[in-house]
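S.K.: What follows is a structure written as structure tokens; I'll ask about it next.
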């Protein structure tokens with residue numbers, strides 16, 4: 001069995017289905033379901049704030065189970081910026097939630113990577129993934145996805161990529177971003193992971209990548225976010241990621 005078929009078989013076996021939906025095409029029932037899922041995992045966020053953030057995005061990757069219940073989603077927006085005279089394409093991840101019962105499924109991750117492939121294929125501009133991270137589990141997507149990203153728990157950050165990260169973050173978040181720490185400080189009305197989900201187990205705390213995240217973002221439990229940037233380029237991807245990415249690019 002080839003890789004593509006094997007991946008599809010694993011996704012099918014999980015009984016989950018991922019779909020890319022334009023925010024403008026979300027109906028009221030889907031919006032209600034997204035909010036209900038988000039509110040189970042995040043504290044201190046009002047529905048109106050959630051709706052504003054949702055309407056500022058282009059698309060939602062929606063994951064549903066066999067009964068059609070939404071069990072995961074991630075929002076995204078694609079922007080073009082000119083930094084130091086160089087135009088770039090930026091894919092910014094917004095709110096992301098996967099229900100605990102499905103943390104072992106790869107359906108969302110596979111769909112996300114394929115969508116990145118399609119987005120990158122639509123423009124010749126260099127593309128980057130901007131990810132703001134409240135929790136260590138989300139940070140761990142980066143080393144699974146790519147070889148180079150900042151900040152990297154292994155050290156040896158590329159200074160040029162760090163400068164680009166800072167320039168992009170200042171452009172997008174203004175004074176809320178602190179280049180000295182790489183953090184986007186939580187403001188009133190910003191959500192935080194509910195304490196149950198922000199908790200770090202002893203086993204997780206023993207991981208060097210988790211320790212790095214906790215050291216770099218000591219206020220994560222209060223909603224502070226570590227700002228990360230990753231080049232979206234097949235040459236920068238892990239073999240598994242690259243195959244999914246290229247699959248999405250030709251779909």
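S.K.: Sorting check: for 150-162, 83-95, which peptide has the highest mean count of neighbouring beta carbons within 10 Å, and how do the rest follow?
M.R.: Final packing ranking: 83-95, 150-162.
S.K.: Rounded, prolate or oblate, given the Cα gyration tensor of the chain, with a/c below 1.5 counting as rounded? List each step's numbers first, then the result.
M.R.: On the way: a/c = 1.27, a/b = 1.09, b/c = 1.17.
Since a/c stays below 1.5, the shape of the chain is classed as rounded.
S.K.: Where does each of 33-40, 105-112 land if you order them by average Cβ count within 10 Å, highest first?
M.R.: 105-112, 33-40
S.K.: Which of rounded, prolate or oblate describes segment 94-135 when judged by the alpha-carbon gyration tensor and an a/c cut-off of 1.5? Could the numbers behind the result be given before it?
M.R.: Values: a/c = 3.94, a/b = 1.73, b/c = 2.28.
It comes out oblate by the Cα gyration axes.
S.K.: Please state the relative contact order of the chain as a whole percent: Cα pairs under 8 Å, 6+ residues apart?
M.R.: Values: 384 pairs, mean separation 58.0, N = 251.
Rounded, it is 23 percent for the chain.
S.K.: Segment 49-98: percent of C-alpha pairs farther apart than 11 Å?
M.R.: Counting every Cα pair in segment 49-98, those more than 11 Å apart make up 71 percent.
S.K.: For segment 15-100, state what percent of all Cα-Cα pairs lands in each successive 10 Å bin, counting from 0 Å until the bin that includes the largest distance.
M.R.: Cα pair-distance distribution for segment 15-100, in percent: 16, 48, 24, 10, 2.
S.K.: Report the calculated FRET efficiency for residue 205 and residue 175 (r = Cβ-Cβ distance, R0 = 45 Å), to the nearest 0.05.
M.R.: 0.90
S.K.: Could you tell me what fraction of 2.2 N^0.38 Å the Cα radius of gyration of segment 92-173 comes to, as a two-decimal ratio?
M.R.: Numbers: Rg = 14.0 Å, N = 82, 2.2 N^0.38 = 11.7 Å.
Against the empirical 2.2 N^0.38 Å value, I get 1.19 for segment 92-173.
No value in this document is a laboratory result; all are computed from the given coordinates. Quick caveat, the model's predicted, so the values are computed rather than measured. FYI the Cβ positions are ideal-geometry reconstructions off the backbone, even for glycines, and counts take in every protein chain you see.
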